[in-house]
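All remarks here apply to the structure that follows.
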Amino acid sequence: MAAIEATNVSKRYDTVIALDRVNLTVEEGETFGFLGPNGAGKSTFINALLDFVKPTDGSLSIFGHDCQREGVAARNRIGVLPEGYSVFERLTGRQHVEYAIESKDADDDPIALLDRVNMRDAADRNAADYSKGMAQRLVLAMALAGEPDLLLLDEPTTGLDPNGAAEMRQILKEENERGATIFFSSHILEQVEAVCDRVGILQAGELVAVDTIEGLRESLGGGTKLVITPSQLQNGTLQAIRTVEGVETAVMREDTTIEVTCTNDAKMDVLVELRDAGVDVVNFRTEEASLEDMFVEYTNNR
Ligand code: ADP
């Protein structure tokens, strides 16, 4: 059964269309990255799954439970790191986690959960004194209570330093290995690239792409990036490269290098085209196009 099923989901706020007919299926056991620039509609989608927001149109379900009509049953199976969470200022970290365990009717050891997010030493401090990153870790520990079947995380690495972000990714991997489905949003692409089986790219409320990272690379012309240092550039050189079959983009970087995204097969043709145009190549290397490149391409082309 699908962990998440969205059918034609739209959400309109007066003049803003936050979600525009989104269709998405996330299978059980997947780690799915929900990508998009700020304002794309990511939180709105997650909030609709949690029934904090009512879709204007369409329907959403979690493990077959309709998120709006059977919200309690749907939420029972998930651990959540919501957007704009807050902590209870008078409770310690341990008390927060105890509360989460109790509300899930689970029997986890609160200290073991705090240990997983590296918060054991702060367990008995008041959450009011926690930094933003510590509060974030605490809310993650709460989300892990009761071994949820689905983890829904809204921008889980925001507020964490690079070490904290790496630890977060490690926890997501462990949870996925345990069998949990992971759905998390991010506007930071490398966070997603490292852990996701598939990604969806949301742009102005529309899901413009859903694929594996490999699949996205392929659909963007093989996703090879050729970085060329020419001896000199002539007018029209970039234009000439762009006419080579299999070339997606050709741009100048820092006046000294040309970056070309193209299919694997087109690489030699690009170099031949340069030679024919009388441009000597001082140096060239190839790179795999990053998700960053793809993302920029998807969101700029619209
Ligand atoms: P993201 O999480 O991708 O940054 P959001 O889902 O927060 O995007 O927002 C999507 C769009 O919906 C934005 O244009 C935002 O301003 C708008 N929006 C979100 N919540 C509300 C609301 N309660 N009232 C009006 N507009 C909203």
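The values are calculated or read from the model by the stated rules, or taken from the named source; none is laboratory data. Everything quoted here is computed from the prediction, not taken from an experiment. A quick note on method: Cβ atoms are made from the backbone with ideal geometry, for glycine too, and the neighbour counts reach across all protein chains shown.
Observations
- Residue count for region 85-122, restricted to those that are surrounded by 14 or more Cβ atoms within 10 Å (Cβ to Cβ), in a loop (DSSP other than H, G, I, E, B) and among the polar types (S, T, N, Q): 1
- Given (1) charged (D, E, K, R); (2) at pLDDT 90 or above; (3) assigned to a strand (DSSP E or B), number of the condition E287 does not satisfy: (2)
- Scanning region 131-170 for residues that are within 16 Å of the ligand (Cβ to nearest atom) and either among the small types (G, A, S) or part of a helix (DSSP H, G or I) (or both) returns a single hit, G159.
- Residue within region 89-104 that is among the hydroxyl-bearing types (S, T, Y) and touching a helix residue (DSSP H, G or I) at 6+ places or on another chain (Cβ under 7 Å) present: yes
- Yes/no for T7 being within 30 Å of M134 (Cα to Cα), more than 16 Å from the ligand (Cβ to nearest atom), hydroxyl-bearing (S, T, Y) and over 17 Å from the mean Cα position of the chain (by Cα): no
- Residue in region 83-102 that is under 17 Å from the mean Cα position of the chain (by Cα) and modelled with pLDDT under 95 present: yes
- Qualifying residue in region 109-121 (condition: acidic (D, E) and under 28 Å from E214 (Cα atoms)): no
- The one condition in (1) modelled with pLDDT of 90 or more; (2) within 16 Å of the ligand (Cβ to nearest atom); (3) crowded, with 19+ Cβ neighbours inside 10 Å; (4) not aliphatic (A, V, I, L, M) that E206 fails to fulfil: (3)
- Contacts under 6 angstrom Cβ, first residue in region 112-125 being without any contact (Cβ under 8 Å) to a residue 12 or more places away in the chain, partner surrounded by fewer than 14 Cβ atoms within 10 Å (Cβ to Cβ), 6 or more apart: none
- Region 1-84 holds strands (runs of 3 or more DSSP E) entirely within its bounds, and those carrying 1 or more residues that are more than 24 Å from A100 (Cβ to Cβ) and in the same structural domain as Q203 (by TED's automatic domain parsing) map to 2-13, 16-27, 31-35, 57-62.
- Scanning region 157-171 finds no residues that are without any contact (Cβ under 8 Å) to a residue 24 or more places away in the chain and touching a helix residue (DSSP H, G or I) at 6+ places or on another chain (Cβ under 6 Å).
- Any hit, region 28-47, residues being of a type in the set (K, R) and under 20 Å from V199 (Cβ atoms): yes
- If you filter region 27-69 down to residues that are more than 9 Å from the ligand (Cβ to nearest atom) and at positive phi, you find that the one that is surrounded by the fewest Cβ atoms within 10 Å (Cβ to Cβ) is G64.
- Yes/no for Q191 being within 13 Å of the ligand (Cβ to nearest atom) and either in the same structural domain as G33 (by TED's automatic domain parsing) or buried (at least 19 other Cβ atoms within 10 Å of the Cβ) (or both): no
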